[in-house]
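Just so you know, all these numbers are worked out from the coordinates, no wet-lab data involved. Note that the structure is predicted; figures quoted are calculated from it, not measured. Glycine gets a Cβ as well: all are built from the backbone with ideal geometry, and neighbour counts include every protein chain shown.
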Amino acid sequence: MYSLSISTSGKYISVAIHDDKLISTSSVLSENGTTNLLMKSIDEITKKSRIEKSDISVVYLDIGPGYYTSLRIGLAVAQGVCGSLGIPLVPVNGLDALAFAAHTGHRKICTIIDIKREEYAFCLYKPVPGGVVRDSEPEVLNAENIKIKLEEDNDKKLVVGDWHSLNENLFGKNSYIKFGSPEHVSSENIFNIGKELFKNNDFPNFNEVRLEYMREPDVSFSTKSLEGKVNFHD
């Protein structure tokens, strides 16, 4: 069974085709992603994988948090794909995807996603056998408040996600805090959680998927024009 994974929540448009394992992936730097660029990326990896688009059985989508406009583009395209092919759309939280990709047996995981205006989505996770579980609710913080969160105890922590956007000098030489990978949400991270949600039938109807912005957008716009352009029939 072939799956398509999509992440457009940040500076990259990332797409991947999987069967039981990764077949093809593409990551393109695009801070202001476009529908055409996302569709082009999907076309390229399906051709590279030598599969027909109609062979795709499920789409896994990064629903945020992240950049408002980029998330809307990802959702519009994913819903168009699923509507055209009559297949499920499985939403995946980007913070969870980062934490699962980085899980370690001896450190808490702190995930950070840039949501602009010098604000970040932040969530803390603790390791469990085979993965991680949330140790806090996701919240919106600035850099100073992230520092406070990370230094409120002496637990060893691994910080992943958009930490390059922060000033590392802010944390000094704190031996309890390490910075690591992944440094942004990728389609492969999304796949790793999405496949489990799909297996457990834990997802809504494709047209009921909601994005997790975590704050109001800078501007609002209609996505009707985007949805009208998405036609995924061969």
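Observations on the structure shown:
- When each of 110, 123 is scored by the number of other beta-carbon atoms lying within 10 Å, the sequence from fewest to most is 123, 110.
- Amide H contacts under 5 Å for residue 183: 161, restricted to partners 5 or more places along the chain or on a different chain, H placed in the peptide plane at 1.01 Å from N.
- Listed peptides 152-158, 73-79 by packing density, highest first (mean Cβ within 10 Å): 73-79, 152-158
- A helix-only calculation puts the chain at -9000 deg cm²/dmol for mean residue ellipticity at 222 nm, using -39500 (n - 2.57) for each DSSP H run of at least four residues, averaged over all residues.
- For segment 5-75, the orientation-averaged shadow of the C-alpha convex hull comes to 4.4 nm² (one quarter of the hull surface).
- Taking only Cα atoms of segment 95-179, radius of gyration then Dmax in Å: 11.8, 37
- Order of 151, 188, 144 - criterion: other Cβ atoms within 10 Å of each residue's Cβ, fewest first: 144, 151, 188
- With Cα atoms, 0 to 90° folded angle of helix 68-85 axis to the chain main axis: 40
- Close amide H partners of residue 60, meaning residues 5 or more places away or on another chain with modelled amide H under 5 Å apart, are 4, 5, 6, 90.
- Of the trypsin sites (Lys or Arg not before Pro) found in segment 1-40, the ones in coil according to DSSP and having at most 14 other Cβ atoms within 10 Å of their Cβ are 21.
- Farthest positive-ward along segment 95-179 dipole, Cα basis, beta-carbon charges - from 129, 99, 140: 129
- Each of 2, 176, 125 was scored by other Cβ atoms within 10 Å of its Cβ. Arranged with the fewest first, they read 176, 2, 125.
- Within segment 1-153, percent of DSSP bridges classed antiparallel, to nearest 5: 75
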